[in-house]
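Read the structure below first, then the notes.
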């Protein structure tokens, strides 16, 4: 087949040369003749959208300060009960109590341990409410590692201070319980100091992660989401105008393309471009499409929420697509909140389901992955395979 494949972009695209460059790179990766279909000039006017976004901190401030709404949202107080928040008799998270008991039992196995770790648990429980970060998490891995560090610190000090009557000698806490002269026992001082240190380390790590999350939310996710909403609103009101632009671009290559089953068109579409493609392929006067590849797209979600009309009935079980849409491959990235599956909502005319293809997450994409598809090798491979 020598006819080109037309590429329809999604939301937030206003840079026509930039879009054409992305299509050109994708064409080299797929080995196909790809023709860009630009409609961004008909989309929402988002020049001043930042005025509607909540203010964020100044660039370069680093980790968010205490009281930052991102930290408060990520680390709300841990509930008193529920999955993963079981408490020991001392009031400690279950993961902490269990790991301290296990570690100390292993460290003093066969050494005549008489009192058990109850006093350690009691001292840790006394200091636990004073922690700022550890007391606000129910993450089992973090709590277990914290408990392991506390238990190991006790065992190490007892080993080095064995002459003072630690477990290595008398089998009691007497040596570690003895105060250094100020009335505070060594064991209590050790545990409280180490718990404060671990809490500071946890806090620093949490702030670093929250800072990156905050930056990504403010600089990428929030503007991207608002532009998505803006273009969706414009498309719902001016659907015919955008459809006319697509048909005009196709007709400029060949007026017969897409006009009937003998000359169907092939489409690749991102995001809202996938909704445009499905709407046009299933319209009362359809754009006949032999192969469609969508990525990061929402046709199924839109049809469930607001039936698209044309030849598509409202959902009452899988919706059968007309023969004017011959084949459909739908790609989605796991962290893309604007990407939806199609195979459980639609059926092709031959009874088969559209092919849903989950993609791997690229760490370099960050949290806003809706624009990451263009450079993923799996996208190019799927397009080449679907259009073969």
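A short reminder: the numbers here are calculations on the coordinates, not readings from a lab. Every value quoted in this text rests on a predicted model; they were computed, and no experiment measured them. A quick note on method: Cβ atoms are made from the backbone with ideal geometry, for glycine too, and the neighbour counts reach across all protein chains shown.
Brief remarks on what is shown
- Between residue 240 and residue 375, the C-beta separation translates, for a Förster distance of 41 Å, into a calculated FRET efficiency of about 0.80.
- Taking 275, 23, 253 and counting other C-beta atoms within 10 Å, the order from fewest to most: 253, 23, 275
- Going by neighbour counts of Cβ atoms within 10 Å, the residues 245, 186 line up, fewest first, as 245, 186.
- Rough spin-label spacing in nm, given labels placed 7 Å along Cα→Cβ, for residue 156 and residue 47: 6.2 nm
- Computed Kirkwood radius, in angstrom, where 1/r is averaged over Cα pairs of region 303-388: 14.4 Å
- Given their separation in residues at 0.36 nm each and the Cα-Cα distance between them, residue 350 and residue 263 gain 29.4 nm when the chain is fully extended.
- As a proxy for reagent exposure, ranking 259, 47 by other Cβ atoms within 10 Å from fewest up yields 47, 259.
- Averaging the Cα positions of each part gives two centres, and for region 90-106 and region 284-311 these lie 55 Å apart.
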